[in-house]
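S.K.: Encoded as structure tokens, here's the structure I'll be asking about.
The values are calculated or read from the model by the stated rules, or taken from the named source; none is laboratory data. These figures come from a predicted structure and were not determined experimentally. Cβ placement follows ideal geometry from the backbone for every residue including glycine, while neighbour counts extend to all protein chains displayed.
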Amino acid sequence: MAKQAQFYLIETTQPQGELSAAETLACDVAAQLWRAGKRILLACETEQQALRLDEALWQRDPSEFVPHNLSGEATNFATPIEISWIDKRNAQRRDVLISLQNNVPDFAQSFNQVIDFVPTEEEQKAIARERYKIYRQLGFEMSMEKA
């Protein structure tokens, strides 16, 4: 099976409460993938970002609940969604990488499916274009979708 990298082109700059548009979309995509039976690693840039996403997932309506945990949290069982950040990640096998990191994570090749985001800000767009090139060089099949 070919490795897939899907980039979402963010068309709004409107933050959704405490989260950026990309962070909100990352949470929504993680929830959709979990409902489809996937195990997800949500890779954040910083611990602060991971804590914001963790809190946002906890604040969803009970009908929208998504089982998740932060990397390093003691749990009795592995949750379907792990929220990690640079230099902090559990070793459990995951199906999908949703990356909010500025650079392609060094473990990205261990995933068959990667989700990434292209924000509206020009500086962030340029960084996203570099990630796009790297994923393509790594042999991922590329796709782009407007969000």
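S.K.: Please name all residue pairs, on different chains or six or more residues apart, with Cβ atoms under 6 Å, provided the first residue is in region 109-125 and is hydroxyl-bearing (Ser, Thr, Tyr) and the second residue is surrounded by 13 or more Cβ atoms within 10 Å (Cβ to Cβ).
M.R.: 120/10
S.K.: Still on this model: Name, by its number, the condition in (1) under 18 Å from residue 21 (Cα atoms); (2) of a type outside the set (S, T, N, Q); (3) surrounded by 14 or more Cβ atoms within 10 Å (Cβ to Cβ) that does not hold for residue 135.
M.R.: Result: residue 135 passes all but (1).
S.K.: Condition first: part of a helix (DSSP H, G or I) and surrounded by 13 or more Cβ atoms within 10 Å (Cβ to Cβ). Now tell me which residues in region 115-129 satisfy that. Reasoning before the result, please.
M.R.: Residues of region 115-129 part of a helix (DSSP H, G or I): 122-129.
124, 125, 127, 128, listed by residue number.
S.K.: Still on this structure, I have one more. Kindly provide the set of residues from region 1-50 that are within 25 Å of residue 139 (Cα to Cα), modelled with pLDDT under 95 and in contact with a helix residue (DSSP H, G or I) (Cβ under 7 Å, 6 or more places away or on another chain), ordered by number.
M.R.: Matches in region 1-50: 10 only.
S.K.: Condition first: of a type in the set (D, E, K, R), within 23 Å of residue 33 (Cβ to Cβ) and within 17 Å of the chain's Cα centre (by Cα). Now tell me which residues in region 110-147 satisfy that.
M.R.: Taking region 110-147 as the starting set, the residues that turn out to be of a type in the set (D, E, K, R) are 116, 121-123, 125, 129-131, 133, 136, 141, 145-146.
If we keep only those that are within 23 Å of residue 33 (Cβ to Cβ) as well, we get 116, 131, 136, 141, 145-146.
Result: 116, 131, 145, 146.
S.K.: Now, a different point. Quick test for you: out of 79, 75, 120, pick the one residue that is in contact with a His (Cβ under 6 Å, 6 or more places away or on another chain) and at pLDDT below 90. Please lay out each step first, then the result.
M.R.: Numbers: 75 fails: in contact with a His (Cβ under 6 Å, 6 or more places away or on another chain); 120 fails: in contact with a His (Cβ under 6 Å, 6 or more places away or on another chain).
Going through 79, 75, 120 in turn, just one is in contact with a His (Cβ under 6 Å, 6 or more places away or on another chain) and at pLDDT below 90: 79.
S.K.: Enumerate the strands (runs of 3 or more DSSP E) found wholly within region 1-105, keeping only those where 1 or more residues are touching a Ser or Thr at 6+ places or on another chain (Cβ under 6 Å), surrounded by 15 or more Cβ atoms within 10 Å (Cβ to Cβ) and touching a residue at least 40 places away in the same chain (Cβ under 8 Å). Break it down into steps so the answer makes sense when it comes.
M.R.: Numbers: elements: 4-9, 40-44, 68-70, 81-85, 96-99.
Result: 4-9, 40-44, 81-85.
S.K.: Yes or no: residue 141 at pLDDT 95 or above and surrounded by fewer than 16 Cβ atoms within 10 Å (Cβ to Cβ)?
M.R.: Yes; evaluated as a whole, the condition is true for this residue.
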